[in-house]
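Read through the structure below, which is laid out as C-alpha cells, and then see the notes.
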Amino acid sequence: MSLDPSAILVILPEILLVVLAGVVLVLDLALKDEQRRLIGWVTAGGLLFVIIPLLFFFRPGDNPTLYWGGAIRVDWLSFVFKLLAFFGAAITAILAMDYEVIGKRGELYLLLIISTLGMSVMVMATDLILLYVAIETTSIPLYALAGMRTKSDKSVESGFKYLLFGAMASAIMLYGFSLLYGMTGQTNIYALAELFQQAELSSSPMLYGSAIIILVGFTFKISAAPMHFWAPDVYEGAPTPIAGFLSTSSKAAGFAVLLRVFLVAFPEYAPQWGTALAVISTVTMTIGNMIALAQKNIKRLLAYSSIAHAGYALIGVSVASVLGVTSVAYYMIAYLATNLAAFGVVAIYGRIAGSDEISSYAGMSRRSPTLALVMLVAFLSLAGMPPFGGFIAKVFVFAAAINAGLIWLAVVGVLNSIIGLYYYLTVLKVVYLHRSENDEVPLTISKSSGFALGLLVVAILLIGTVFAPWFNWAAQAALGL
Amino acid sequence: MIPDIVLFIILALVAVASAVGMLFSKNAIYSALNLILNFSSVAVLYLILGAPFIALAQVTVYAGAIMVLFLFVIMLLGAERLRRSETLPYQQPVSIILAAILAVVAIYALLFRPLGIEAASVANPDFSSPAAMAEMLFNEYLLPFEVTSILLLVAMIGAIVLTRKRQRRVQR
Amino acid sequence: MDAALIIEWIIKSILLLVICITGFAYLTFYERKALARLQVRIGPNRAGPFGLLQPVADGIKLIFKEELIPEKADRLIFVLAPVVTVVPALVVLAVLPFGGVVNLFGREISLSVAGDVNIGILYITAITSISVYGIVLAGWSSNNKYAAMGGIRSTAQMISYELALGLGFIGPILLAGTMSLNGIVEGQRGMWYVVYQPLGVLVFMIATLAEVNRAPFDMPEAEQELTAGYHTEYSGMKFALFFMAEYVKMIAVSAIAATLFFGGYRGPFIDQVPWLGPIYLLIKVMILLFGMIWVRATLPRLRYDQLMAFGWKILLPVALLNVLLTAGVIMLFPGLGV
C-alpha cells in the first residue's frame, strides 16, 4: 500500500491538531508568564481553524468510505462527533484561560489538544487496535489534566482516581478486544460483523462474555452505572473547565464508540444487549438523580447530573434503531453545549467566590445578572425545559424508546427528569432568591469567558428552537453507521 | 513435537509460578524479580512459537527497560517492605469465587471447545521476521503506529507536568 | 535434529566460554601492562616470562580468599547477583560471527554459536538490557549504602545510555538492510561502515563505555566516593565474577563494535582462507580494547549530573540526528552502493 493523498486528506484535521500542539509547545517556551494567556486564544483559534474546513470542505459523502487499510471510516457519525469534540475543546480552552496558575501553562492546552486528537481518531476508528490506542490517547492527557493543580490535594486525588479507574477499565476492555480477536482473528469491527453472522459463532457464550467485558470500558468512558464511581470525585477535584471537558467531549466520544462498536459489530444480538443497556440506563439515571439530590457541592451535583444524562442518552443506544442513534447524537449535541455552559458558569463563579459550595451561590443574581441568566438557561436546559436544547433532546430520546415499544423505559426517563428538575431548581432558587452579605459587589467576567458563555447560550437556544439542521446531522449520522 | 511440549510445560510452570510468586512476595524487590522471570519465560514461549522478534522485543522492553525502572523506583524510595494493604471484608471471598468461575470457564473451553475451534492454524513461518513485521506495521497499521507515537509523547509530557516543580521562569 | 548438530552447538558454546574466560584473564593483564606503559611504569613482570602468568596468580589468590556475606544482606540475591551479572556478559557473544563458513571434517560450520540469525542485533540489545540487573541487585542486596548508591547509579546510567546504544545500532542496520550480524559484515565488503557512520561510531563507542561502566563513566564503582560501589561487600570469587563480567563485557562490546563498524571478521584474503576471520577479529578487538584502556588512562571521571546531562542532552540527540541523516540519505540516494 502506498500512501495515496486522499488518505492523508481524511486525517488532515488530526494532522493540523498535531501541528497546533507543536505551536502551543513552542509558544509556551517563547512567551513570558503574563502573555501566556494568549495560548488559550491560539488553541481556540487553531481548533476553529480546523473546524471550519472540516465543516465546509470535508463533509463526508453519502457513501461512507474506509481508509488506512480499513482502520478508519469517514462517515457522518464520525463527522458529527468530531465537530463536537473540537467545539468542546475550543470552549474549554477559552474558559481555562482564566483559571489561576494552570491557565497560564502551555501544557494544559497541549494536553487538551492531544486529548481532542484522541477523541477525533476514536470516533473514526473501525479497527479495535486503533480504537484502543485512540481511547488511551484521549484518556492519558485527561488524567494529567485532572491532576494538574498539584498544590491541591483534591486535584491530585482526582487525577489519581481517574488514572487508576481508567487504567483498570481500559485493561478490562482490552481483554475483551483480545477475546474477540482470539475468536475470529479479526480486529476490524466491520469484518467482525460479517463473521458474527455465521451460525457457529453467533451462539457462542464467549461472544456475550467479551461484549460485556468491552462494555465495561465503554461505560467507564461515559460514566454509566456501575462504572460511575469515579465521576463525582474526579469532577470535584479537577480544574472546573477540565471537568466540563470531561463531562462533555469525552463522554460524547465514548457514546460514539459505543454506538459504532455495538451497532456495527453485534447487530444480531441487539435484543440482548439492548435489554442490558436499558437496565444500565435505568440504574444510571436513577442513581445519578437520587444522589444528586443530596449534594452540597455544585461540581459534585453536576457530576451526578452528568451521570444521569449518560443514563438518558443510553436509552437511545439501547433501542438500537436508527431513531435511537439519531436521538443519541442529538442528545450529545444539546448536552455538550448545555453542560459546557453550566461548568463555565461554575468555573467563573467558583474562581471569584473561592468556593464551589451551593450555598455560596446565594446572591449571585444580584452580583451578576448576566451570569445568573446563563446559569438559568443552562440549568433549565439540563432539566429539559423548553425552549432550550435539553428539551428537544429528551423528547427525541423518549420518542425513540416509545417507538421501539420500550414504554417503561420512557416512563422511567420522564420520572427521572422530574427528580432532576427538582435539584436544578433548588440551585436556581439559591442563585435568585437567597441573599448574602456581599450582594452588592458586582462581578467582572473576563471578555474571553463572556464570549464563550454567549456562544454557548446561543447554541443552546438554537438547538432548542431551530432544530432541523442538527436533527439532519444526527439522522445522517445514524443512517451512515 | 515431544520436546516442544515438555519445554512448553516447563516454561508454563515457571511462568505461572513466577506470577504467583510476584503476587505473594512480601518484598517488592522479589515481586519485581518474579515479574522479570515471568516476562522472560513468556518471551521464550514466543520463541517456541517461532516469533523471535516478538520474543526479543519482550525481553528488551519489558524484562529490560520497564522492569529496570520498577526496580529503580523501588530502591530509590526504599519501598521494599510491602505492608499488608487493607482490604474490604468481602474482597477475598468475592475474588476467590470469581477466580473459580474463570478457572471453570477456562477448563470448559479447553475440554469442550465450544467455539468449534480446533488447533491453531500454522502461520507462515516468515510471519514474524523483522521484515514481515515492519511491512505490517508500516502499511496496515501505520495509523495506529503514528497515533501511538503521539500517545507516548503526551504520556511523557503529562508525567512531567504532574511531577516537575515550576521555578525556571522566576530565575530568568 | 541430528546429533552432530547438537554436538556442534555444545562444542561451539564451550569454545565461546573458554575464549571469554581466557580473554578476561589476559585482558586484565593487557590492561595493567598498557596502563603501566601509559603511566611510564613497567607493570606486572614477576610471574612467568614478562609476567604472563600474572592472571593465573591473581586467580589462585582470589580462590583462597575468604568469602564474606554481610549479616543483614539478602542472602539469596546476594549470592545470585554475581551470577546474574556474568551470564549476560558470557552469552551476548553467541550471535557474533567469528568468521564466515568453514569446512571442517566435511561439515559446513559457521563460526558463530547461534549461526546466522536474522535478529542478531535484537538479541544483543535484549541481553544488554537485562545485564544491568546483576549490578543493581548486588547493590541492593548488600545492605550497604555505598553499594546501594552504586546500584542506583548504574541503573540510571545504563538506561540512559542504552537508548543511544540502540540508536547506534540502527546506522549499520539501515546500511546493510538486515539485522543479521553476518549480513552486516558481508555488507562491509566494499567499505567499512565506520566511513559512512563516523557519528554513529562515536555515539556507539561512548555509549558502550557507559554500558560497561568503564572510565570515564565508572560512576557505579567510583572508589573515591563510593568505596567500590556495588561490589563493596563482595570478596573472593564472587568479587572475581563481577570483575570477570566487566572485562568480558569489554571484550564483547569491542567485538560488536568491530563487527558493526570495522568489517568484523573481514580482511584481506578472507574469501580464500576463511580461517583468517577469527584472527582479523582478534586484531580489531585488541585495537579497540586498547582504545578503552587509553581512555581510562587519559580522562578523569565525570560528575554524576554531567554524566546524565551528557547522555540525555547531547548523546541522544546526536544519535537521533545520525539515524535521521542515515535514513534520509539512503532514502534520497538509493544508488549510493550501500
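The values are calculated or read from the model by the stated rules, or taken from the named source; none is laboratory data. Owing to the predicted nature of the structure, the values given are computational and were not obtained by experimental measurement. Cβ coordinates were reconstructed from backbone atoms using ideal geometry, including for glycine residues, and neighbour counts include every protein chain displayed.
Details
- Selection status of A:Glu136, of a type outside the set (A, V, I, L, M, F, W, C), surrounded by fewer than 24 Cβ atoms within 10 Å (Cβ to Cβ) and over 23 Å from A:Ala256 (Cβ atoms): no
- Candidate set from the stretch A:1-33 (those that are among the acidic types (Asp, Glu) and in contact with a helix residue (DSSP H, G or I) (Cβ under 7 Å, 6 or more places away or on another chain)); member that is modelled with the lowest pLDDT: A:Asp33
- Among the residues of the stretch A:217-229, those identified as part of a helix (DSSP H, G or I) and either under 18 Å from A:Tyr335 (Cα atoms) or at pLDDT 90 or above (or both) are A:Phe218, A:Thr219, A:Phe220, A:Lys221.
For every residue, the table says whether it meets (1) within 9 Å of chain B (Cβ to nearest Cβ); (2) assigned to a helix (DSSP H, G or I); (3) surrounded by fewer than 23 Cβ atoms within 10 Å (Cβ to Cβ); (4) touching a residue at least 40 places away in the same chain (Cβ under 8 Å).
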position	(1), (2), (3), (4)
C:Gly115	no, no, yes, no
C:Thr128	yes, yes, no, yes
C:Ile135	no, yes, no, yes
C:Ala138	no, yes, no, yes
C:Met179	yes, no, no, yes
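- Qualifying residue in the stretch B:102-117 (condition: assigned to a loop (DSSP other than H, G, I, E, B), more than 14 Å from chain C (Cβ to nearest Cβ), at pLDDT 85 or above and surrounded by 15 or more Cβ atoms within 10 Å (Cβ to Cβ)): no
- Residue match in the stretch A:9-20 (condition: in contact (Cβ under 8 Å) with a residue 24 or more places away in the chain, away from chain B (no Cβ under 14 Å) and buried (at least 22 other Cβ atoms within 10 Å of the Cβ)): no
- Spans of helices (runs of 4 or more DSSP H) in the stretch C:1-103 with at least 2 residues among the polar types (S, T, N, Q), within 30 Å of C:Ala114 (Cβ to Cβ) and away from every other protein chain (no Cβ under 14 Å): C:3-38
This table checks each residue for (1) in a helix (DSSP H, G or I); (2) under 18 Å from C:Val84 (Cα atoms); (3) within 12 Å of chain C (Cβ to nearest Cβ).
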position: B:Leu13; (1), (2), (3): yes, no, no
position: B:Ile29; (1), (2), (3): yes, yes, yes
position: B:Asn38; (1), (2), (3): yes, yes, no
position: B:Gln58; (1), (2), (3): yes, no, yes
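- Odd one out for A:Thr150, checked against (1) polar (S, T, N, Q); (2) surrounded by fewer than 24 Cβ atoms within 10 Å (Cβ to Cβ); (3) within 28 Å of A:Leu215 (Cα to Cα): (3)
- Residue check for A:Lys161: under 23 Å from A:Glu34 (Cβ atoms) and either within 13 Å of chain B (Cβ to nearest Cβ) or surrounded by fewer than 24 Cβ atoms within 10 Å (Cβ to Cβ) (or both): no
- Figure legend. Inter-residue proximity from the stretch A:428-451: first residues under 23 Å from A:Leu302 (Cα atoms) and at pLDDT below 85, second residues among the aromatic types (Phe, Trp, Tyr) and surrounded by 13 or more Cβ atoms within 10 Å (Cβ to Cβ), beta-carbon distance below 8 Å, spacing 6+ or different chains. Indicated pairs: A:His434/A:Tyr361; A:Leu443/A:Tyr349.
- Within the stretch A:120-133, the set of residues being more than 7 Å from chain B (Cβ to nearest Cβ) and surrounded by fewer than 24 Cβ atoms within 10 Å (Cβ to Cβ) comprises just one member, A:Tyr132.
- The numbered conditions (1) away from chain B (no Cβ under 12 Å); (2) of a type in the set (Asp, Glu); (3) assigned to a helix (DSSP H, G or I) are all true for A:Asp62 except (3).
- Considering the conditions (1) surrounded by fewer than 21 Cβ atoms within 10 Å (Cβ to Cβ); (2) part of a helix (DSSP H, G or I); (3) within 14 Å of chain B (Cβ to nearest Cβ), A:Leu111 is excluded by exactly one of them, (1).
- Unmet requirement for C:Tyr234, which otherwise passes all of (1) of a type in the set (Phe, Trp, Tyr); (2) part of a loop (DSSP other than H, G, I, E, B); (3) within 13 Å of C:Val285 (Cα to Cα): (3)
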